[in-house]
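The values are calculated or read from the model by the stated rules, or taken from the named source; none is laboratory data. Since the structure is predicted, the reported quantities are computational estimates derived from the model, not experimental observations. In this analysis, Cβ positions are derived from the backbone assuming ideal geometry, glycine residues included, and neighbour counts consider all displayed protein chains. Note: accessible area is taken over every heavy atom of the protein model, side chains too, but ligands, DNA and RNA are not part of it. Shrake-Rupley method; radii C 1.70, N 1.55, O 1.52, S 1.80 Å.
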Amino acid sequence: MKFHGLGRRLGGVVAGVVAAGLALTACGGGDAESSGATRVVKHAMGESKVPDKPERIVVLDTDKLDTLYSLGLTPVGSTLPDQAAGMPKYLGDGYAKVKTVGTTQEPDMEAIAALRPDLILGSKFRQEKFYGELSKIAPTVFTEQVGITWKQNFLLDAEAVGKKAEGRQRLQAYEARAKELGGKLGDPAKLKVSVIRFMPDEIRQYGPDSFSGIVLRDVGLGRPEPQLLKDKADKRFAPLSPERVAEADGDMIFVAAYGEKAAQEQAKVTAGPLWSKLGAVKAGRAEVVDDETWMTGIGVTAAGKVLDDLQKYLTPLANK
């Protein structure tokens, strides 16, 4: 009887160990691994073993939302810069149902874990301090920077989701279209295109290393001298006071606003006397564009939407 009792106790211990092992497999220890075929992906935080065909992807920034949409995928969850704003509308109704899992600056770990992801895509620039915790939930791949390296980020994320070749094709198609548009504009470098963005607490002029600035460069367009940011180490953007708004002038001005408070500031400044004196404004060549595509999209689909705007507004100007 003692022998049989011991057997039952050992059986219980073994069952407990197996259960614990299964729990660790599900939640991850170190960089969590999924069952089935996997690949090793090198990224900003090292290497991760990811599923060949991930099916439950959580993304932690808007560029990764754009990437998945561009590749015909839908994540199960995503952070947002501002949860109140909801999912980017340009991605369509299908994305409106994606579960929100905190903000880009503060991902909600419990909400992410509850979705049982088999892959997490994030950014070292934004979420480095969360990497260890995230990688215990699921294999996690981080890009290095934001904006300036958007093309490299797109290709890395495409590799992580198992669509590397398709990602390369999508990027090449965008670049070919940008070059073709530049050719249709004659000598695009002669057109000085200005890009400014109203934030809740400041105005910014966007330079050559911003997402929209890179799209303009791909087309071959020129920029107003102040927006080249030649004296700045960071050539993504620089603050612009309302008193210096004359620096925003160009052959064409594109204006975006981030959120309601910023839109109110935009309305106030653009109704003021200094704005009305700008040459582009006098000529009717200042256009309000979608902040979600020009500023926060940071991907192939958003870049295509920017090209749509450039074609619409610059073609008449180039043909004059």
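If one takes the longest principal axis of the Cα atoms in the chain, at what angle in degrees, from 0 to 90 and to the nearest 10, does the Cα axis of helix 2-27 lie? Approximately 10 degrees, to the nearest 10. For segment 252-276, backbone nitrogen atoms closer than 15 Å to the point 7 Å from E243 Cα along Cα-to-C-beta are found at 274.
Positive contributions from Lys and Arg (+1) and negative ones from Asp and Glu (-1), summed over other residues with Cβ under 12 Å from the Cβ of D218, come out at +2.
In debye, nearest 20, what is the charge dipole magnitude of the chain about its Cα centre with +1 on Lys and Arg Cβ and -1 on Asp and Glu Cβ, if you could check?
580 debye
With R₀ set to 56 Å, the beta-carbon distance separating K277 from F125 gives a calculated FRET efficiency near 0.90.
Once you order the gyration tensor axes a ≥ b ≥ c over the Cα atoms, which shape class does segment 202-320 get: rounded for a/c under 1.5, otherwise prolate or oblate by comparing a/b with b/c? Taking the square roots of the gyration eigenvalues as a ≥ b ≥ c, segment 202-320 is rounded. How large a share of the accessible area of segment 146-202, in percent, is made up of carbon and sulfur atoms when the probe is 1.4 Å and the other protein chains stay in place? Answer for segment 146-202: carbon and sulfur cover 52 percent of the accessible area.
Just check segment 242-309 against the gyration tensor rule for me: Cα atoms, a ≥ b ≥ c as the square roots of the eigenvalues, rounded for a/c under 1.5, and otherwise prolate or oblate depending on whether a/b exceeds b/c. Since a/c reaches 1.5 but b/c is at least a/b, the shape of segment 242-309 is classed as oblate. Computed from Cα atoms, the angle from the helix 300-318 axis to the main principal axis of the chain rounds to 10 degrees. Straight-line cross-link reach from K163 at under 18 Å between alpha-carbon atoms covers these lysines, not counting any fewer than eight positions away in the same chain: K42, K49, K53, K64, K151. Principal-axis analysis of the Cα atoms of the chain puts helix 150-160 at an angle of about 20° to the longest axis. Taking the protein heavy atoms of segment 204-320 in the context of the full set of protein chains, the accessible area attributed to carbon and sulfur is 52 percent at 1.4 Å.
Please label the shape of segment 115-176 as rounded, prolate or oblate, based on the square roots a ≥ b ≥ c of the eigenvalues of the alpha-carbon gyration tensor (a/c under 1.5 means rounded; beyond that, a/b larger than b/c means prolate, else oblate).
Cα axes put segment 115-176 in the oblate bin.
At a probe radius of 1.4 angstrom, the accessible area of the chain per residue rounds to 48 square angstrom.
Of all aspartates and glutamates in the structure, those lying under 18 Å Cα to Cα from K230, and not within fewer than 8 positions of it along the same chain, are D209, E247, D249. Scalar couplings 3J(HN,Hα) for segment 93-98, obtained by applying the Karplus form with A = 6.51, B = -1.76, C = 1.60 to θ = phi - 60°, are 5, x, 7, 5, 8, 5 Hz; x denotes Gly and Pro. For segment 246-297, trypsin sites (Lys or Arg not before Pro) meeting the loop criterion (DSSP other than H, G, I, E, B) and having at most 16 other Cβ atoms within 10 Å: K277. Short-range pairs are left out: with C-alpha atoms under 8 Å and at least six residues apart, the relative contact order of the chain is 16 percent.
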